[in-house]
1. With a ≥ b ≥ c the root eigenvalues of the C-alpha gyration tensor of segment 2-74, is it rounded (a/c under 1.5), prolate (a/b larger than b/c) or oblate?
2. What are the ³J(HN,Hα) couplings of segment 53-65, residue after residue, when phi is run through the Karplus curve with 6.51, -1.76, 1.60 and θ = phi - 60°? Round to Hz, x for glycine and proline.
3. Taking the simple approach of a point 7 Å from Cα along Cα-to-Cβ for both Asn63 and Asn11, what is their distance in nm?
4. State, to one decimal in nm, how far the label point of Val56 lies from the label point of Arg42, with both points 7 Å from Cα in the Cβ direction.
5. Between Tyr65 and residues 5 or more places away or on another chain, which pairs have amide H atoms under 5 Å apart, with H built 1.01 Å from N, and which residues are they?
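We did not get these values from a lab; they are worked out from the coordinates using the rules stated. Being a predicted model, the structure only gives us computed values, none of them experimental. Using ideal geometry, Cβ is built from the backbone for each residue, glycine included, and neighbour counts are taken over all protein chains shown.
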Amino acid sequence: MVRNSSSFGGNDGLPAGNYRVTATKLILKDKFQERYDLQVKRAAAEAEPGEEPEEVDIEFGENAYRNDLPEKYAQLDTTD
């Protein structure tokens, strides 16, 4: 989703000017989500009784994600 935004250089943290903002909602594709879930299960199984499992931190490449926003927001003229 792409929107235009403006800043007047006030307290919004941006230098004055016009900006194009792109919004995405990236979620893991199924096969990568399955890999992540498997690692979470392994971490839980390896945890000592009464202890929290280690946090799973896996880095996936850009191709592991898909944009979950509706396709209509890919159009620059979409406003709703």
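1. Here segment 2-74 falls in the oblate category.
2. Along segment 53-65, the couplings run x, 5, 6, 8, 10, 10, 9, 9, x, 4, 6, 7, 10 Hz.
3. Simple spin-label model gives 4.7 nm for this pair.
4. 0.9 nm
5. Lys29
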